[in-house]
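> Dropping a structure here in structure tokens format, bear with me for questions.
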Amino acid sequence: MKTLKKSGFFVYLLILPFLAGNWSCAAKKNYQEEKIVHQENKIIPKAILEEATIALSHYPELKDVEIEFRYKSNIKNAFMQAQPKFSNLFKGKKNRGYYVFMSSKFLIEDEEFSMTDVPSEVLIGWLGHELGHIKDYTDKSALGLVIFGTRYIASEKFIKKAERTADTNAINQGMGNYIFATKDFILNHSGLSDSYKKRKARLYLSPQEILVMVNGLDEELAAELDEELVELEEEPEEGES
Ligand SMILES: [Zn+2]
């Protein structure tokens with residue numbers, strides 16, 4: 001087995017994903033001054049406590065996993081982002097902790113959004129997606145995570161695979177309706193830029209794909225979603241700009 005001491009370059013390679021772009025763990029300060037709730041091994045800002053609790057209830061296997069939900073001032077191309085805590089990354093799978101970084105305000109091509117603009121079920125779906133990433137991370141070794149981070153930065157094909165895995169995990173945990181609501185919000189919200197929507201459409205599961213997956217899990221729920229999908233596919237009469 002290789003040791004970390006062996007080469008400074010190797011250590012640099014390990015750290016690189018945490019320094020670069022989307023994987024930066026340099027959360028300088030809480031974006032908002034607000035109450036933080038500590039629940040055993042979970043740290044949750046009070047404003048999203050209800051939604052986070054619902055999302056977490058779908059992941060009983062993450063009960064013993066330390067997760068900190070935290071505001072971060074700039075997250076590139078995203079509203080939220082899950083990543084392992086670098087401080088305990090090498091302490092073994094069971095002792096590892098994770099962040100779910102969230103933008104309390106986020107700019108997408110000059111349109112500013114805040115958490116309060118987002119309906120609860122959409123927020124739950126978003127958090128469920130991030131927990132889907134964490135579920136994926138919990139199975140990986142520290143080195144596996146570092147490789148994951150590097151490839152996530154380098155390859156759009158890899159991003160697509162990772163994002164679909166997160167969506168799929170959330171759907172398998174019974175969050176299909178929430179994931180659908182989030183997708184609907186992203187793809188049909190007038191305030192989000194076309195390039196952001198296109199990016200999401202390109203990299204994430206489509207509403208139709210979600211439907212097919214949910215269908216396999218729960219026919220009754222799928223029938224409900226089917227109605228929504230028909231509405232979704234009909235071009236809106238009045239053009240929102
Ligand atoms: Zn994601």
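> State which residue is farthest from the ligand (Cβ to nearest atom) when the search covers only the range 70-89 and only residues that are in contact (Cβ under 8 Å) with a residue 60 or more places away in the chain and assigned to a loop (DSSP other than H, G, I, E, B).
Going through the qualifying residues, I end up with Lys85.
> Shifting gears a bit: With the requirement that a residue be crowded, with 17+ Cβ neighbours inside 10 Å and either in a loop (DSSP other than H, G, I, E, B) or of a type in the set (S, T, N, Q) (or both), what does the range 190-213 give you?
Leu192, Tyr204, Leu205
> Also: Which pairs do you get when a residue that is touching a residue at least 60 places away in the same chain (Cβ under 8 Å), found in the range 162-179, comes within reach of a residue that is near the ligand (Cβ under 10 Å from one of its atoms) and among the basic types (Lys, Arg), reach meaning Cβ atoms under 9 angstrom, with the pair 6+ apart or on two chains?
Final answer for the pair search is none.
> Could you list, in sequence order, all residues of the range 132-160 that are basic (Lys, Arg) and within 11 Å of the ligand (Cβ to nearest atom)? Walk me through how you get there before you give the answer.
Taking the range 132-160 and keeping what is basic (Lys, Arg), we get 135, 140, 151, 157, 160.
Listed by number, the list holds a single entry, Lys160.
Since every read-out is calculated from the coordinates, none of them should be taken as a lab result. All of these numbers come straight from a predicted model, not from anything done at the bench. Glycine also receives a Cβ, built like all others from the backbone with ideal geometry; neighbour counts cover every protein chain displayed.
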